[in-house]
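*Asks:* Below you will find the structure I want to go over with you.
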Amino acid sequence: MADDQKAHGLWESMSDPQYRAESLSEINTGIAFQIRALREKRGLTQTQLAELMGGNTTQSTIFSLENPNYGKYTLATLKKLARVFDVGLIVRFAPVSELIDWLSNL
């Protein structure tokens, strides 16, 4: 029942365009935490991950990517991370109802 109430509250909040825009920051938080969790699960330091990504990637770049307030992820960077971590990357536009489900389970 608590999950239903949470989803109902999100539905009401999502009717406000400003709230919808602000909720996108949750996506940044989710990405940052996933990057850090994947890095730590593989026993890598930020420097080691930067080296695996190649190019001009530095430890400070990884530090920024793991910061939930950063929010300037590029698709190219996310694809490099997916390659390094050997995981899939899903980027798609979805109905607000799916966003609500995702946010309520974050």
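*Asks:* Since residue 37 meets every condition but one in (1) hydrophobic (A, V, I, L, M, F, W, C); (2) under 28 Å from residue 15 (Cα atoms); (3) at pLDDT 90 or above, which condition does it not meet?
*Replies:* (2)
*Asks:* Return the residues of segment 51-71 that are farther than 21 Å from residue 29 by Cβ and hydrophobic (A, V, I, L, M, F, W, C); say none if nothing qualifies.
*Replies:* 52, 53
*Asks:* Quick one: count up the residues across segment 54-87 that are open to solvent by 70 Å² or more (accessible area, probe 1.4 Å) and not hydroxyl-bearing (Ser, Thr, Tyr).
*Replies:* 11
*Asks:* Can you name every residue in segment 54-106 that is among the small types (Gly, Ala, Ser), at pLDDT 95 or above and within 14 Å of the chain's Cα centre (by Cα)?
*Replies:* Within segment 54-106, 64, 82, 88 qualify.
*Asks:* Is there a residue being open to solvent by 50 Å² or more (accessible area, probe 1.4 Å), at pLDDT 90 or above and more than 17 Å from residue 97 (Cα to Cα) anywhere in segment 23-33?
*Replies:* yes
*Asks:* Looking at residue 51, is it open to solvent by 60 Å² or more (accessible area, probe 1.4 Å), modelled with pLDDT under 90 and charged (D, E, K, R)?
*Replies:* no
*Asks:* Can I ask one more? For segment 72-88: of the residues being among the charged types (D, E, K, R) and part of a helix (DSSP H, G or I), which is farthest from residue 28 (Cα to Cα)?
*Replies:* For segment 72-88, the residue satisfying everything is 83.
The values are calculated or read from the model by the stated rules, or taken from the named source; none is laboratory data. No experiment lies behind these values; they were computed from the predicted model shown. So basically every Cβ, Gly included, is an ideal-geometry build from the backbone, and we count neighbours across all protein chains shown. We work out accessible area using only protein heavy atoms, side chains counted, and drop any ligands, DNA or RNA first. Shrake-Rupley method; radii C 1.70, N 1.55, O 1.52, S 1.80 Å.
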